[in-house]
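The values are calculated or read from the model by the stated rules, or taken from the named source; none is laboratory data. Predicted model only: the values in this text are computed from it and were never measured. We place every Cβ from the backbone using ideal geometry, glycine too, and count neighbours over all the protein chains shown. The protein model used for the area step is the full one, side chains on, heavy atoms only, and it has no ligands, DNA or RNA in it. Shrake-Rupley method; radii C 1.70, N 1.55, O 1.52, S 1.80 Å.
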Amino acid sequence: MVIVMKKGASAEQIQHVIERVEEVGLKSHPIYGTERTVIAAIGDKRGMDLSVFTAAPGVERAVPILAPFKIASVEVHEEKSQVPVGAAIIGGKKLGVIAGPCAVENREDLLRIAEEAKAAGAVGLRGGAFKPRTSPYSFQGLEEEGLKYLRDAGDQTGLAVVTEVIGENYVPLVESYADVLQIGARNMQNYRLLKAAGQSQKTVLLKRGLSATLEELLLAAEYVLSQGNPNVILCVRGIRSFEKYTRFTMDLAAVPALREQTHLPVVVDPSHATGRSSLVTAMCRAAVAAGADGLIVEVHPDPEHALSDGAQSLTFKQFEAMMKEIRPVAEAVHREL
Ligand code: PEP
Ligand code: MN
């Protein structure tokens, strides 16, 4: 990092900061300018509380040079990561599409959805068995019964099972059925859950928090990675803004912005981002054009009667049409479906 001294900082104050830098195990390299002095502190101390320096007299600010995340960073790992999603890989040339209902509702519908999703070219089956709902009175999911339906539908179709784990205590149960542990937007900063998922052998699909910065998302990913699990997929799913027409605001620039900072694959969830099925296909095309490695899309046989998120769910026909529409976009950006 670089520590910028205030204009007129005394020689004692500068010397004190140099000593503090050395005390914490960094090498100091002061640069004496005509107006002010800056002290380069050399060494890797990410995550260090900068107030160690900014609280010292005569210091104006301390500026970190390295990204605060390390394992997730392109600085450490330049090549893009390829992450398993069941039998498929997300992060390679081929795009990976995950489709399914918001919530698992019953065995028959889920199997039908899985078959339709598979036929249209999906690699994963999504569906919540444990639902983190905003209201405690909303449908909370079928829990373990839903996990069983997911596993059966996954086995029958060859699709990878992607489902949410809502708390650290549920990791053993959910990982016994799922191929991919989804960590929801509302749990992106549940650090105990992130650590527990980091100790799992299963791929983690980490959704961006409603109001989380990209740095916070990458630090959340770092929690999982630092526990030894290298298989993390980031999911961009819209953030809160003042706009009300869409459910959230689709921050699509996050896709190339993440690409500049991390080797982890990035998928886009246009269903939760927009909240409206009429907007989903356009945002799927845009996501692919922006460089997403995949999509996660809500699909329901009868959105009008869905137990959750019907307004943003595509019908089978719409899903199939969407898959056809993204193919030429994928080719235009040198990707395959
Ligand atoms: C979901 O994908 O089922 C979900 C609840 O999404 P999010 O966590 O992004 O709100
Ligand atoms: Mn949903």
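Is one or more of the residues making up region 84-93 among the charged types (D, E, K, R), outside any loop (DSSP other than H, G, I, E, B), away from ligand 2 (no atom under 15 Å from the Cβ) and open to solvent by 40 Å² or more (accessible area, probe 1.4 Å)?
Step one: filter region 84-93 for residues among the charged types (D, E, K, R), giving 93.
Pick out the ones that are also outside any loop (DSSP other than H, G, I, E, B) and you get none.
No, there is no match, as no residue in region 84-93 is among the charged types (D, E, K, R), outside any loop (DSSP other than H, G, I, E, B), away from ligand 2 (no atom under 15 Å from the Cβ) and open to solvent by 40 Å² or more (accessible area, probe 1.4 Å).
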- Message: List the residue pairs whose Cβ atoms are under 6 Å apart, where the first residue sits in region 308-321 and is open to solvent by 40 Å² or more (accessible area, probe 1.4 Å) and more than 10 Å from ligand 2 (Cβ to nearest atom), the second is modelled with pLDDT under 95 and aliphatic (A, V, I, L, M), and the two are 6 or more positions apart or on different chains.
- Response: none
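Does GLY184 satisfy the criteria of being open to solvent by less than 10 Å² (accessible area, probe 1.4 Å), over 19 Å from PRO230 (Cα atoms) and within 16 Å of ligand 2 (Cβ to nearest atom)?
Details: open to solvent by less than 10 Å² (accessible area, probe 1.4 Å): yes; over 19 Å from PRO230 (Cα atoms): no; within 16 Å of ligand 2 (Cβ to nearest atom): yes.
No; evaluated as a whole, the condition is false for this residue.
Listed here are the residues, each with its yes/no results for (1) modelled with pLDDT under 95; (2) touching a helix residue (DSSP H, G or I) at 6+ places or on another chain (Cβ under 9 Å); (3) of a type in the set (A, V, I, L, M).
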site	(1), (2), (3)
GLN15	no, no, no
ARG46	yes, no, no
THR54	no, no, no
ALA67	yes, yes, yes
SER73	no, yes, no
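Considering only helices (runs of 4 or more DSSP H) fully contained in region 243-337, which possess at least 3 residues that are out of contact with any Lys or Arg (no Cβ under 8 Å at 6 or more places or on another chain)?
Values: elements: 254-261, 270-274, 277-290, 316-332.
Hits in region 243-337: 254-261, 277-290, 316-332.
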- Query: What number of residues in region 221-249 are away from ligand 2 (no atom under 16 Å from the Cβ), of a type outside the set (S, T, N, Q), within 17 Å of GLY209 (Cα to Cα) and touching a Gly at 6+ places or on another chain (Cβ under 7 Å)?
  - Reply: 2
- region 164-186, residues that are under 15 Å from GLN201 (Cα atoms) and either of a type outside the set (A, V, I, L, M, F, W, C) or in a helix (DSSP H, G or I) (or both): GLU168, TYR170, VAL171, PRO172, LEU173, VAL174, GLU175, SER176, TYR177, ASP179, GLN182
- Taking only region 261-304 into account, find how many residues are open to solvent by 30 Å² or more (accessible area, probe 1.4 Å) and of a type in the set (Asp, Glu). 2
- From LEU194, LEU214, LEU173, LEU205, which residue is crowded, with 23+ Cβ neighbours inside 10 Å and either of a type in the set (Phe, Trp, Tyr) or away from ligand 2 (no atom under 16 Å from the Cβ) (or both)? LEU194
- Query: So ALA221 clears everything in (1) within 16 Å of ligand 1 (Cβ to nearest atom); (2) open to solvent by 70 Å² or more (accessible area, probe 1.4 Å); (3) in a helix (DSSP H, G or I) except one condition, right? Which one?
  - Reply: (2)
- Query: Which ones in region 143-163 are buried (at least 21 other Cβ atoms within 10 Å of the Cβ) and assigned to a loop (DSSP other than H, G, I, E, B)?
  - Reply: LEU159
- Do you know which residues across region 64-83 are among the polar types (S, T, N, Q) and either within 16 Å of ligand 1 (Cβ to nearest atom) or part of a strand (DSSP E or B) (or both)? SER73
- Query: Mind checking which residues of region 286-332 are out of contact with any Asp or Glu (no Cβ under 8 Å at 6 or more places or on another chain), over 23 Å from THR249 (Cβ atoms) and of a type in the set (A, V, I, L, M, F, W, C)?
  - Reply: ALA321, MET323, ALA332
- Message: When you check ALA40 against the structure, is it aliphatic (A, V, I, L, M), over 26 Å from SER200 (Cβ atoms) and not in a loop (DSSP other than H, G, I, E, B), yes or no?
- Response: yes
- Exception for ARG61 within (1) farther than 30 Å from VAL280 by Cβ; (2) surrounded by fewer than 20 Cβ atoms within 10 Å (Cβ to Cβ); (3) in contact with a Leu (Cβ under 8 Å, 6 or more places away or on another chain) falls at (3)
- Taking region 104-118 and keeping residues in contact (Cβ under 8 Å) with a residue 40 or more places away in the chain and either within 20 Å of the chain's Cα centre (by Cα) or open to solvent by 40 Å² or more (accessible area, probe 1.4 Å) (or both) leaves ASN106, ARG107, ASP109, LEU111, ARG112, GLU115, GLU116, LYS118
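Please count how many residues of region 224-249 are open to solvent by 50 Å² or more (accessible area, probe 1.4 Å), at negative phi and more than 16 Å from the chain's Cα centre (by Cα). Spell out how you get there, then give the answer.
Residues of region 224-249 open to solvent by 50 Å² or more (accessible area, probe 1.4 Å): 226-228, 230, 240-245, 247.
Checking which are at negative phi leaves us with 226-227, 230, 240-245, 247.
When the remaining residues are screened for being more than 16 Å from the chain's Cα centre (by Cα), the result is 227, 241-245, 247.
Looking only at that region, the number is 7.
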- Item | Test for ARG133: is it in a loop (DSSP other than H, G, I, E, B) and touching a residue at least 60 places away in the same chain (Cβ under 8 Å) | yes
